[in-house]
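The values are calculated or read from the model by the stated rules, or taken from the named source; none is laboratory data. The structure presented is a predicted model; accordingly, all values stated were derived computationally and were not measured. Note that each Cβ is placed from the backbone with ideal geometry, even for glycine, and that neighbours are counted across all protein chains shown. Ligands, DNA and RNA are stripped out before the accessible areas are found, and what is left, the full protein with its side chains, is counted by its heavy atoms. Shrake-Rupley method; radii C 1.70, N 1.55, O 1.52, S 1.80 Å.
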Amino acid sequence: MSLLPRAYREGGLLTWRYLLPLVWLNLIWLALSWTLLLAGPATLACYALIATTMREDRDPDLRLFPALLRQNLLAGVLWLLTVAVFAFLMYSNLVFWLRVSGNFGDAVVSLLALYLSWLFVALQPYLLEALSVQRLSYGRAWQAALFALIRTPVSAHLYVLIPVLVVLLAFFFRTFGLVILVSMALTFAAVQVKPITERPEPAEPEAPEPSDPTDSAESTGQLSGPSTPV
């Protein structure tokens with residue numbers, strides 16, 4: 001039995017199995033994110049396509065992406081605004097409290113900001129699932145994400161190591177980050193919420209058993225009957 005968490009194993013498996021579609025998804029995400037406004041909807045659309053096809057062991061159809069983008073337009077903009085507001089609040093409060101507190105206060109404030117950021121990232125797979133796949137309203141999606149994190153606190157906190165690794169790889173390997181890192185992180189997020197649905201392989205038809213020549217001869221003789229002398 002592997003010591004790696006399930007989401008790590010299955011995320012790596014999906015990345016390897018659907019490497020080319022993930023590269024195309026990443027390039028589509030980059031093209032749309034240059035507009036900034038579409039970065040949120042593109043993220044939700046990528047996640048929805050991964051969760052509803054690759055996670056279900058089906059080949060993704062990239063032609064579905066425009067429809068998914070339209071479906072997640074409002075939710076994606078709200079999600080992006082939430083991320084931006086959270087980042088601004090974390091940065092501004094950290095700068096302010098580091099100026100007015102002493103050394104001990106600096107350490108406490110830094111640890112608190114680090115954990116709140118970690119917790120915020122840990123919530124994202126469940127939030128993306130609730131928004132783009134379950135199609136919940138924004139408030140109900142946050143409630144569903146919080147309850148899901150409470151049910152799986154350890155694995156949810158361990159998932160954060162994936163985005164951290166993605167950021168580090170993107171920093172040191174710029175081209176690699178442009179090619180696949182965003183879609184790969186969303187793949188790991190999808191299997192963090194729900195395991196892969198493995199579809200059984202179609203059963204091969206059984207070959208007919210070879211017939212016994214003696215049985216054929218006997219059956220032929222029984223059908224024809226005894227020969228009568230002339």
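Remark: the range 85-195 carries 58 Å² of accessible area per residue (probe radius 1.4 Å; ligands, DNA and RNA excluded).
Label-to-label distance, TRP34 versus HIS157, with points set 7 angstrom from Cα along the beta-carbon direction: 4.2 nm. Counting 0.36 nm for each residue step from SER110 to ARG63 and taking away their Cα separation leaves a gain of 12.4 nm.
Whenever you get a sec, compute what percent of the accessible area on the range 1-132 sits on carbon and sulfur atoms (1.4 Å probe).
Carbon and sulfur together cover 76 percent of it.
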